[in-house]
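Notes follow once the structure below has been shown.
The values are calculated or read from the model by the stated rules, or taken from the named source; none is laboratory data. The structure displayed is predicted, hence computed values, not measured ones. Positions of Cβ are backbone-derived with ideal geometry, glycine not excepted, and every protein chain shown enters the neighbour counts.
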Amino acid sequence: MLRLITDFDGPIMDVSERYYQVYQYCLKQAQEQGQGVKQLSKSEFWELKRAQVPERQIGLMSGLEAEQAQKFTHLRRQTVHTLPYLVYDQPVAGAIATLEKIQQLDIDLVVMTMRRVRELDAALENYDLGRFFAPQQRYCLSNDYVKTTDVEDKPRLMARAVEELAPCENVWMVGDTEADIAAAKSYDIPFVGVLSGIRDRDRLEQYQPDFIVNNLREALDLILAAIG
Ligand SMILES: [Mg+2]
């Protein structure tokens, strides 16, 4: 049996529009009237996010003063995962067809995400994705979980999954950030990084994933070829 543990945002969901909407809102809130800041285009903004440029820096590059950039960063952190903005998320092109393929192949599919239960449920409902993940195959944060950093929290989720899921000889993980890589490495699970998410190739390479491909479909093909 093959078990595929996949991250949600990046391989399955495209969060770029949500992040960009929140950016625009926070930029508006942080500036003085008539200040004339320079709002980045969506592609400029997303390129910076994928290069892992810190939020504060993005604020400065948009024309905010140092103190305003701090306010911008703070507000952004408070806003980005709130329900009114989650509606901007869209499935990555081809991701749903790939999930259907995974289901047809009888692969044991597990989702592992830093979303909270309510944030994951919102997306599963909006796009009818619940059919791919039975409740016991969903690893996410409880609604009241106190987050530390993704790089610490995600291996904790992985530890829970390893403890709870039935043993399986072939386990692979797919994700788009260093947090996913840290989780996979903590249990020697082979990892395929996808470029459909919030890191570009340069950034992803720094964290030494086993493979890098464009999207979930290519990750599936690579894994199927690797296990023969
Ligand atoms: Mg992700």
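The table below gives the values:
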quantity: Selection from the stretch 10-33 of residues that are basic (Lys, Arg) and surrounded by 20 or more Cβ atoms within 10 Å (Cβ to Cβ); calculated: ARG18
quantity: Any chance PRO84 is within 27 Å of ALA183 (Cα to Cα), surrounded by fewer than 15 Cβ atoms within 10 Å (Cβ to Cβ) and either of a type outside the set (Val, Ile, Thr) or modelled with pLDDT of 95 or more (or both); calculated: no
quantity: Criterion (away from the ligand (no atom under 16 Å from the Cβ) and closer than 30 Å to ASN170 by Cβ) met by exactly one of GLU55, GLU100, GLU67; calculated: GLU100
quantity: Count of residues meeting criterion [over 25 Å from THR177 (Cα atoms) and either within 12 Å of the ligand (Cβ to nearest atom) or assigned to a loop (DSSP other than H, G, I, E, B) (or both)] in the stretch 1-42; calculated: 10
quantity: Members of the stretch 58-81 found to be of a type in the set (A, V, I, L, M) and in contact with a Leu (Cβ under 9 Å, 6 or more places away or on another chain), listed by number; calculated: ILE58, MET61, LEU64, ALA66, ALA69
quantity: Single residue of VAL192, VAL171, VAL151 found to be within 16 Å of the ligand (Cβ to nearest atom), β-branched (Val, Ile, Thr) and crowded, with 20+ Cβ neighbours inside 10 Å; calculated: VAL192
quantity: Filter result for ARG217 (assigned to a helix (DSSP H, G or I) and either outside the structural domain of GLN136 (by TED's automatic domain parsing) or modelled with pLDDT of 95 or more (or both)); calculated: yes
quantity: Verdict on ASP202 being surrounded by fewer than 17 Cβ atoms within 10 Å (Cβ to Cβ), more than 15 Å from the chain's Cα centre (by Cα), in a loop (DSSP other than H, G, I, E, B) and modelled with pLDDT of 95 or more; calculated: no
quantity: Boolean, VAL53 is modelled with pLDDT of 95 or more, surrounded by 17 or more Cβ atoms within 10 Å (Cβ to Cβ) and within 28 Å of PRO155 (Cα to Cα); calculated: no
quantity: Checklist (1) within 16 Å of the ligand (Cβ to nearest atom); (2) free of Cβ contacts under 8 Å to residues at least 24 places away in the same chain applied to LEU60, failing item; calculated: (1)
